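This is the structure I have questions about; it appears just below.
We did not get these values from a lab; they are worked out from the coordinates using the rules stated. Given the structure is predicted, the values throughout are model-derived calculations rather than measurements. We place every Cβ from the backbone using ideal geometry, glycine too, and count neighbours over all the protein chains shown.
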Amino acid sequence: MIVVTGATGNVGGQVVALLAAAGERVTAVSRRTAEVPQGVRHVRADLDDPAGLKDAFDGADALFLLVAGQDPQAILGAARAGGVRRVVLLSSQGAGTRPEFYRHPAAFEDAVRRSGLEWTILRPGGFHSNAYAWAESIRGGRMAAAPFGDIGLPTIDPADIAEVAATVLREDGHAGRVYELTGPAPTTPRERAAAIGAALGTPVRFAEQTREEARAQMLQFMPEQVVEGTLAILGEPTDAERQVSPDVERVLGRAPRSFADWAGRNVAAFR
């Protein structure tokens, strides 16, 4: 059985669906009641309460783990006690490139490495789906605002992250690997706004924010140290953060999906 935490999330929900479609026994874990595919068991639990995860982990042999909760060692201990032998951690690129800002995912990575379990770490960069932050302004005024409009980064489709995770959970040969997950090419915020416009069939105007304007907006839903790390990546990316990784293709045998592909599939959110 495979346990998927964050089962209602942007990536976790797709991991659940892929595993269920492949015929795996799946337990979907989320803090709230959720609809899951037929045949999938759902358990309400919180990673901030490792003791409450016993029911989810009993009889499991693999775990898809989010960076959530404050005690990764206790979470992994509960998983091990339930029978889990393989863990796939959804971390963040920043845990490798800027651990001083991304301390939480870095701590989870350290705990996973020390857990005694067979582990694989996934480090995606920015998500294509971060563009959903523009949905309201594009629907209302055909406008998208972001800082650093002409700095390109190889963002990734969450569907590709989910497919990599589902593959690694089911297959041998990935133990001890850290996979850096990116899209097929760097794109700038200005280019991403234009791609959404192309999918809509009408231009989307791009408005460049100052760093401080973006910081104030991001602080409404992100911790300060993550905001600072994110702005540093967006505005002054390192060579590693700009680099297109071969790891999606290495695992899946195909190239990752482009931002334009994501925009086309999700254009209804911007109409």
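Where does segment 116-162 land on Rg/Rh, using Cα atoms and the Kirkwood Rh?
My calculation of the ratio gives 1.16.
Next question, about the same structure. Give the long-range amide H neighbours of residue 87: residues separated by 5 or more places, or on another chain, with amide H under 5 Å away, using H modelled in the peptide plane at 1.01 Å from N.
63, 118, 119, 120
Follow-up question, since we're still on this one. What FRET efficiency would be calculated for the residue pair residue 205, residue 81, taking the C-beta separation as r and a Förster radius of 51 Å, to the nearest 0.05?
Computed FRET efficiency for residue 205 and residue 81: 0.40.
May I pose another question? Could you give me D for segment 1-59, from Stokes-Einstein at 4 °C and 1.567 mPa s, where the hydrodynamic radius is the Kirkwood radius over C-alpha pairs? Units µm² s⁻¹, please.
116
Given R₀ = 22 Å, what would the calculated FRET efficiency be for residue 224 paired with residue 142, taking r from the Cβ atoms and rounding to 0.05?
Given R0 = 22 Å and the Cβ-Cβ separation, E is 0.10.
For labels at residue 32 and residue 175 in the simple 7 Å Cα→Cβ model, what's the distance in nm?
Rounded to a tenth, the inter-label distance reads 3.9 nm.
Quote the relative contact order of the chain in percent (integer), defining contacts as alpha-carbon pairs under 8 Å separated by 6+ residues.
Rounded, it is 18 percent for the chain.
Another question about this same structure. Does anything in segment 67-90 have its amide N under 16 Å from the 7 Å Cα→Cβ label point of residue 41, and if so which residues?
In segment 67-90, the label zone of residue 41 (backbone N under 16 Å from the point 7 Å along Cα→Cβ) covers 79-85.
Moving to a separate point now. For segment 89-138 and segment 182-227, write down the distance between their C-alpha centroids in whole Å.
Between the Cα centres of segment 89-138 and segment 182-227 lies a distance of 19 Å.
Normalised by the number of residues in segment 1-158, what is the relative contact order in percent for Cα pairs under 8 Å and 6+ residues apart?
The normalised contact order for segment 1-158 reaches 17 percent.
Continuing with this model, one more query. Compute the long axis of helix 224-235 from its Cα atoms, compare it with the longest principal axis of the Cα atoms of the chain, and write down the angle in degrees, 0 to 90, nearest 10.
The helix 224-235 is inclined about 50 degrees to the chain.
Going by alpha carbons, how many degrees (0 to 90, nearest 10) lie between the helix axis of 72-82 and the longest principal axis of the chain?
With both axes taken from Cα atoms, the answer is about 40 degrees.
Local charge sum around residue 87 (other residues, Cβ-Cβ under 12 Å, Lys/Arg +1, Asp/Glu -1)?
+2
Length gain on complete extension for the stretch residue 271 to residue 100, per 0.36 nm per residue less the alpha carbon to alpha carbon distance?
Stretched out fully, the residue 271 to residue 100 stretch lengthens by 57.6 nm.
Could you tell me which of rounded, prolate or oblate describes segment 33-87, using a ≥ b ≥ c as the square roots of the eigenvalues of the alpha-carbon gyration tensor, with rounded for a/c under 1.5 and, failing that, prolate when a/b is larger than b/c and oblate otherwise?
Note, shape of segment 33-87 comes out oblate.
Explain nothing, just the number: dipole magnitude of the chain about its Cα centre with +1 on each Lys and Arg Cβ and -1 on each Asp and Glu Cβ, in debye rounded to the nearest 20.
Around 540 debye, computed over the chain.
Longest span of the chain, sites excluded, free of GluC sites (Glu not before Pro) in DSSP loop with at most 12 other C-beta atoms within 10 Å?
It works out to 172-271.
I've got another one for you. Using a Förster radius of 25 Å, what is the FRET efficiency between residue 51 and residue 118 based on their Cβ-Cβ separation? Nearest 0.05, please.
The pair residue 51/residue 118 has a calculated efficiency of 0.55.
Right, something else. Could you check how many percent of all C-alpha pairs in segment 1-111 are farther apart than 22 Å?
So the portion of pairs separated by more than 22 Å is 28 percent.
Assign one of three labels to segment 204-271, namely rounded, prolate or oblate, based on the Cα gyration tensor with a ≥ b ≥ c the square roots of its eigenvalues; rounded applies when a/c is under 1.5, prolate when it is not and a/b is larger than b/c, and oblate otherwise.
Cα axes put segment 204-271 in the oblate bin.
If you average the alpha carbon positions of segment 48-80 and of segment 246-271, how far apart do those two centres end up, in angstrom?
First find each Cα centre; the distance between them is then 30 Å.
Here's a follow-up. Taking the C-alpha atoms of the chain, how large are the radius of gyration and the largest Cα-Cα span, Dmax, in Å?
18.7, 55
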